[in-house]
Each structure stands twice: as structure tokens, then as C-alpha cells.
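The next block holds one structure in the form of C-alpha cells; read it before the comments.
The values are calculated or read from the model by the stated rules, or taken from the named source; none is laboratory data. Here the structure is a predicted model, which means the values were calculated and not measured. Neighbour counts run over all protein chains shown; Cβ positions are idealised from the backbone, glycine included.
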């Protein structure tokens, strides 16, 4: 307790004040409920996402060899045999060769057929880990032995979805190409299938079965992979790096893409990191939104503690010491809440692994890491300090006579300069810390700017609503007049309501808008002239017969044909692809093989944006036409060079022009189109599409695909409808994950609104008592409250839908290169949901007011 000699013993006085604050906290901890919940949820979200991402990275690092299928993997498009490369690797360890390609599987006794992702393995497969099958293989029966030929049919293991699509069960006979198979079992797990996403069920056969199928021909669109497991005495990380360098030095133009156990799937790692960063920003949004709840909680706490603060000031405590009294409690509760949130966040990876387990597309290896907890606690404390500074200023500035009054406190105007300075410094520290720990500082900076603008806009809208309500003509309807008065009275909920709920509605509207436009782009907005079917791996000798087959099956259809090869970009302007710093929109073009073509004319659906097309009879050095977005991401222009490896041969071409491609048409098009003689003498296959004037029903589609698979067993085919359904399914799962994370903002909004209601509860009770004395009924009071929260909900919904739609349009145009369409039905659903949410939370938080007895309350006052 402060004493007259505190000047001589400032440390003792501060210690006494801290002890008194700690003792007082024991009886007032229940008043911090909203404060604690907001910080716990926000910190838990941030730490949980970071910890899960770290668990994924650690899982890749510890299980890299199993996930990759060896210590190193070397893969490229089918072409040269790769015998020299294999001999080089066999001198360093054990090698397994795998061939993957797409093909058509069909029932031997039925017309059903389906596209599959086929993997042919040798007897050394798998070098690490084990293939899991259902039913499990019996003792003494190896996996490769089960693939062997028996009675003219090879064994085959497939994903269960193939059985559903072909209506096949174990023991049924299937045909792939010219080979016959028996369905020996279902694939329950592959050690090397991380990140494997295809448009058909996965199937494993033996290398002998692939040879018997006749599917491997010159130019076939398959992929060769050599897996290497180093000898036990040479399995160190240094040896892995040395082997990679030695291979690249020995075969600089082999075209092999090399991956190591340290990074078994770089593309998947990048995607998970981006997704984790996105979820972290959502969690940070929830935490910042919860900061409004922190401010409301402190304001309500000071209102409840005005007697205690008045006693302190009456005994000689200064305004600063009164503020320190509350600040000590605030920081103590904030630290405890942040630690609880961090603990829950650290437990999240283990919970995810235990509940989802094998259903996850990536491995998790959870363990406690103090860095994740430290960043979460720091975020929580900085948020609490930034939003508590202004309310704490009330404890310092209000005189003891005001604090001793029994009526509730009113807003005393803007906080003092000291409080504003503390709030600004804390917010700047919060933003700086976010930049420091963020994976992408550019995105984090844009996020911080967007949050700042959103707060300013929401606060401005709230003040505008309060001004309009203040100037609105008085209504004869008592409930409406009371509701309008509540919108602008001192301590009104309007700013808290709009800031907390407005951010949640804006975020949800933006996410729903982006997802809805993506779905429309890939499905509902498909042009009428888009292909109905895609057919690939068509050999030159059968191209004419296959085209005639299509014209017979669909006389009213349009057939398009283009040559197709597979190639990998190995150099850009002479710089190895691994060293090229590509933008996010173009990084994928350097990962693995790409489909390429050559043509004398500009492909349909493309338009030149720079440069000129080569003459029809051009026969000079190789030229290439590059898609403009990829060119921008790679940082290249007309006159620069691109080197691609096709069938083991490196071809360097000069960029002659840039094209803008309309990918939405789904017509045949490629990122790279070469001049006609660029691959003279190289074998290639044809890609064909069939466009029908009207969409076929699924049964008719199945008949066409089955007939094509039976007549031309080496040709793989897929319908556009099935492709779009696959992409739509992936988008649906992604949408559920994102919207589940976004729902956290609504949970925090409910807490913030609860804190705001609690902070002004005394004022509302006092007003309700006065109105009841003057004759107001419970029905009138309920009507006034319902109208107030409905008006607040409508205003919040209007702003959130408008701002969220604008954000979705910006994302669609700038990031996804989509044309944005506003969907009024979904916007209306979000708006009505926001109004209902506002009514439910508001009435639930003020229901107690309706039951207050005037006599008892007036005696207390």
C-alpha cells in the first residue's frame, strides 16, 4: 500500500502494490474470462499451425528415405534406357528401377474401363519401407512374388477406388494394354507415394507385366525413376550430397531430376508451408480481433474495480500507480493465458496425428519446440499490451470522486498521450515481430497493412453509424427510438460490434467468394466448345485409325490433334534450373517434366503479347514460344534462351515470342511451343481431343471410353467431366479446412461481443430499471434490444460482404488470374448469418437485463 515515504523507498512501494494486486486477483479472476479465452484461442491457433508445420518438416527429415524410396531418386521422361546412369549408381549401392505412366484398365468380362496411374516395379522394390496390402500377404509370400505371372495373368495391386469404378473384386481379371491381370489385393500404403496425386487410381504391377502390355513404345508419355540406397558404410548426409554432385558431373545433360532424402518432395513442402502461413495469418487475425475483446474486458474490469481503485487513490496512490495496479494483473493474466494457449497449440500436432493418422497425405513427427511457444507467447503479450493501453488510461485519469460513484462509468473521451504512445509502440512491436518470424515478409506486410486499413474503415463506419443515429428523426415507436439511442449513447457497442464481427464476416465472405469463383471457373463456367474427352499416348502408326474411330463414334464432334513430348527445363539463359530464382507463379514450370509441342501455327486459345510468330516454313535454329506468365515468373524476355531435356537430349531454343493462353477453354495448349524442326527425328505421340456440341450423360461417356480402350488398348483417355470432378473434390477438401480455420474468427467475435456486453452491463441494467419505473414492459425492452442488435448486425453484414467481395475480387484478379463473379445468393446467406449471429450473441449477453427488479436495484443505487 502506498505510504508517505514511498519516495524514499520506491521499490518497496511498488512491491507492496504488486502484492496487493496479486491478492486482489484471487477474487476477481472470474472477470477475466473473455480476456483469457481470446488470448488462449489466438495463441493456440498461431502456435498450433507453426508446430504442425514444424512436425511435417521434421517428419520429412526423419522419414525422407522411406518417403523417397531410397537415399536418392533420379527421374526423367521415358526415352533412353538409362543403363549408363544405372551402372554408375550400382557402384554406390542398391538400385531399384520404377516406370510410371497413365493407362486404361478394363474388365475382361465387362465393357467398363477407367484411367489408372500405373507403376511398374522390379524385384528390388521397395528399397526402404514396405508396401501394405489388404488382405496382408501371408508368411513367406513376398510382394514381388505376388505380382508374378500365373496361368497367363500377372498379379496386380490397386487402390480400392478402382474396384468401385470397375465394379471389380479381388480375384477378378483385368486387362491393361495387351496384358492380362488378376486383382491380387488392395493397396493400403506405399512407402514412396508422398504427394502422389493423380487423375486415376494407383496400380502396381511388375516390370515384366509392363513389358507384356506393349504400352512402352517410342515417345510414350511415361516416366523412368532410379532409386538408390547407399551402402551402409556410405549412407551419411555428406555422402548423399557427394553422390548427387558426382552424378551431375558425370551426366550433365542426362535430364534427370534429382531428389534426396533431405527433401523428398520440394513441391509438397512449399505447398504445405504456404498453406501453413495462410492459416497462421488467419490465426493472427483471430488474435488481433480478440485484442478488441481484451480492451473491452479491461474496461469492464475497471468499472467493477472502481471502489478498489478509489480507495487506492484516497489513500494517496497516484493515477499512475492505480494504472500499474491493473496493469500488473493484466500482464500476469495475459502471460498465463498465452502459456496455456501455447501448451494447447504444441499439443495440436499430436492430436492431429492421433486422430487422422494414415489419412494424412504427409508425415508428422510431433515434438515440443520452444521456438513455437516463444513466438506464440510474444504475440499474445504484445496483443494484450496494445489493446489494453487505452482502457488502462481510465484508471489513471479518472478522479477518485468519479470512481466512487455507484453509477456505471461512461466513456471519458480519447485516452491520454501516454496511453496512445504505448498502444502505438506495442502495435509496432507486434507488426515487427510478425515480420521477423513470418515465412514471407511481403505477404505478412500486406496482411498487416490490410488489418490496419480494416480497423480504420470499421471504426470509421462505426462512427458514421453513430452520427447518423444521433441525427435520425425521433420515431414514435418506443422500441425503435430506444434502439437508435443505444447506437450512439456513451459506451455504445457500435465500435466493438463492427470491429469484431466485421473482420470475421469480411474474412468469411472473401474465402467463400474465392472458392465459389474457383469452382465456377473449373466447372460451371466451362465453355460450350471445350473438349469432352482427352486421348493421349497415341502412336503415329495408329493416329489415323484412332481419329477415324472418333469420327465414327461421334459424327457431330470436333477432333483436334497435336504432337506431344515430355521435357524438363534444365537451364534458363545457361543457368541450371536448380539455381534459377523463379516466382511462385512459375516455380512449378521448373519442377519435373512438362508437356511440350511444336507447331507451325499459333495454337487455338493463344494470342501473342510480344514478339512475332515464326514463318510457316521456318527451318532455322530452334525457337520457342513461352507463356507470358511463366516468362514473367522466370524473369526472361524475347531473345533469352531456354534449354529443355527431351528423351535424354538437351535442346536450347531462343524465345521468339510470348503468348497469353486461355487455359479456361480446356483446349489443347502448352506452356512451351517449339518451332517445327526443333525435335527433328525424335519420336513423339499425339494428343487428341473430342469436342461434342452437347454434354453426354455419364453412361454414354463410359461406352465411348470403354470402346476406345478395347479397340486401342495403348491409348489412355479421360473425360473432362471426371477431371473437373477430381479437381472439385480437392477444392472441396481444401475449402473445408480453410473455412474451419476461418470459423475461429467467429468464435473470437462471440467472445469479443460478450466482453463488450459485460463491460456495459451495469449501464444497461441501470437504464432498464429506470425505463421499467417509467412504465416500460419487458416486451418493449426485448424489442428495443432485438432492434439494436439487428441494426448492428445488418450494418456489420453490409460492410463485411462489401469488403469481403472486394478482397475476393482482388485475389481472383491479381493472384489467380480469374474473372470475378459476384454471387448474390451466397452473399445474402453470409449477411443473414451475420445478423442472426449478432441477434443470438447480443440477446444472450443481455437477457439478464429483462429480469432485473426495479425495487432491489434502486435500493442498491
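Of note:
- Qualifying residue in the stretch 444-461 (condition: within 23 Å of the chain's Cα centre (by Cα), crowded, with 17+ Cβ neighbours inside 10 Å and outside any helix (DSSP H, G or I)): no
- Residue match in the stretch 676-688 (condition: farther than 20 Å from residue 220 by Cα and buried (at least 19 other Cβ atoms within 10 Å of the Cβ)): no
- Flag for residue 30 being closer than 30 Å to residue 331 by Cβ, within 23 Å of the chain's Cα centre (by Cα) and either in a helix (DSSP H, G or I) or in the same structural domain as residue 153 (by TED's automatic domain parsing) (or both): no
- Filter result (more than 16 Å from residue 608 (Cα to Cα) and in a helix (DSSP H, G or I)) within the stretch 623-672: 633, 634, 664, 665
- Residue check, residue 486 modelled with pLDDT under 75, buried (at least 19 other Cβ atoms within 10 Å of the Cβ) and either more than 35 Å from the chain's Cα centre (by Cα) or not in a loop (DSSP other than H, G, I, E, B) (or both): no
- Subset of the stretch 8-26 that is loosely packed, with under 15 Cβ neighbours inside 10 Å and at pLDDT 70 or above - its residue that is farthest from residue 320 (Cα to Cα): 26
- Candidate set: the stretch 638-650, residues that are in contact with a strand residue (DSSP E or B) (Cβ under 6 Å, 6 or more places away or on another chain) and modelled with pLDDT under 90; chosen: the one surrounded by the fewest Cβ atoms within 10 Å (Cβ to Cβ): 650
- In the stretch 576-622, residue farthest from the chain's Cα centre (by Cα) [restricted to those that are in contact (Cβ under 8 Å) with a residue 60 or more places away in the chain and in a strand (DSSP E or B)]: 598
- Complete set of residues in the stretch 173-195 that are outside any strand (DSSP E or B) and under 23 Å from residue 715 (Cβ atoms): 177, 178
- Restricting 511, 501, 507 to those that are under 30 Å from residue 282 (Cβ atoms), within 22 Å of the chain's Cα centre (by Cα), surrounded by 24 or more Cβ atoms within 10 Å (Cβ to Cβ) and assigned by TED's automatic domain parsing to the domain that holds residue 807 reduces the list to 507.
- Scanning the stretch 828-847 for residues that are at pLDDT below 70 and either over 17 Å from residue 780 (Cβ atoms) or not assigned by TED's automatic domain parsing to the domain that holds residue 780 (or both) returns a single hit, 845.
- Checked against (1) surrounded by fewer than 17 Cβ atoms within 10 Å (Cβ to Cβ); (2) at pLDDT below 90, residue 615 passes all but condition (2).
Each row is one residue, and each column tells you yes or no for (1) buried (at least 17 other Cβ atoms within 10 Å of the Cβ); (2) in the same structural domain as residue 254 (by TED's automatic domain parsing); (3) in contact (Cβ under 8 Å) with a residue 12 or more places away in the chain.
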| position | (1), (2), (3) |
| --- | --- |
| 87 | no, yes, no |
| 98 | yes, yes, yes |
| 108 | no, yes, yes |
| 133 | yes, yes, yes |
